[in-house]
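Report on one structure; see the data block that follows.
Here, each number is a calculation from the coordinates, and none is a lab measurement. From a predicted model like this one, the values you see are computed outputs, not experimental measurements. Note that each Cβ is placed from the backbone with ideal geometry, even for glycine, and that neighbours are counted across all protein chains shown.
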Amino acid sequence: MGLFDRDYMRGGGNSAVPPRSNNDWRSMFWLLVGINAFTFIFLTMSHSQFHYGLALAGDAPWFLQLFQLVTAAFMHASITHILFNMYGLYLFGNLVGPHLGGKKFLALYLISAVAGNLAFLLFNYGKPTMIVGASGAVFGMMIAAACLEPERRFVMLFLPMLPLKTVTMVIGYAVIEVLLQFSDPNDGISHLAHLGGLAGGYLYIKCLFRNTLPWDPLRHRLRPGEERPFHEPPHAAAGDPERPVTGTELDALLDKVSRFGINSLSEYELARLRKAREQMRGK
């Protein structure tokens, strides 16, 4: 297959996981926001006893905990708590939703939330403590955004002059959560739920997109007989980008673009791709 026979060389998007054309995920997003707002206003603010039955309690009977693993993901402790979580859901949902559609967007929310709550329960089973919040779901959305849109940049409130890539931000958050869990596990924040949400969101997105993810934190771990995706050789940066491009090298470059998107190429690889295009035009 030649350079200009590939779909992504004839125009259009350059993502290895093209977004869906429908916007049904937006309806699901607003439904989730509505449920969270309803439970906060009518259960939490009214101090309803029913609220405590929906929160995930470490010392509750196991048959109640099965439901609480889900219901706790729609409960919040304060106005600040729900506002931050819904903002996070909006921020990362805008990146993830177009790739998933409504039903898979909901599945990502629930799987990440349950995974986060389950991580909390595993370490607090039988203890008189409880957890509420959609933080696990938000962290699942966050890792999904990093896997699907790794090159997007964010400007953090506490670092206004330093825009961060989605990947950098997620890795930073994960490291911070681990450090906080071990340094101050009783600070009133369930860092275990955050880490569980990251794990659940990653596993779901990995099952959906498999090896087509533009960024995969575990891609370097290969199974026996599995081929390693094309990466720039260690000596490539020192090579001459103007030397002729071989057919084998061109196929490797195009396959990388096909699987991971044009943004996955290094400056050297982009130069080699331009050189191949010049060769085919007879320059």
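If you plug the beta carbon distance of residue 246 and residue 153 into 1/(1 + (r/R0)^6) with R0 = 45 Å, you get a FRET efficiency near 0.80.
Remark on residue 152: its backbone amide H falls under 5 Å from those of 166, a criterion applied only to residues 5 or more positions apart or on other chains, H modelled at 1.01 Å from N.
Label-to-label distance, residue 52 versus residue 80, with points set 7 angstrom from Cα along the beta-carbon direction: 2.4 nm. Computed 3J(HN,Hα) for the range 269-274, one whole-Hz value per residue from the Karplus formula 6.51 cos²θ - 1.76 cosθ + 1.60 where θ = phi - 60°, is 5, 4, 5, 5, 5, 5, glycine and proline marked x.
A cut-off of 5 Å between modelled amide H atoms, ignoring neighbours fewer than 5 places along the same chain, links residue 56 with 72, 131. Put a dot 7 Å past the Cα of residue 182, heading toward its Cβ, do the same for residue 41, and the two dots end up 4.4 nm apart. Shape class of the range 24-212 from the Cα gyration tensor (axes a ≥ b ≥ c, square roots of the eigenvalues): prolate, since a/c reaches 1.5 or more and a/b is larger than b/c. Taking amide H as placed 1.01 Å from N in the peptide plane, the amide H of residue 134 sits under 5 Å from none that are at least 5 places away or on another chain.
When a/c reaches 1.5 or more, the comparison of a/b and b/c decides; with that in mind, is the range 46-121 rounded, prolate or oblate per its Cα gyration tensor? Cα axes put the range 46-121 in the oblate bin.
Going by how many other Cβ atoms sit within 10 Å of their own, how do 80, 71, 168 line up, fewest first? Could the numbers behind the result be given before it?
Details: 80 9, 71 18, 168 15.
Ordered by Cβ neighbours within 10 Å, fewest first: 80, 168, 71.
Pairs exceeding a 29 Å alpha-carbon distance, out of 127/206; 104/275; 165/206: 127/206; 104/275.
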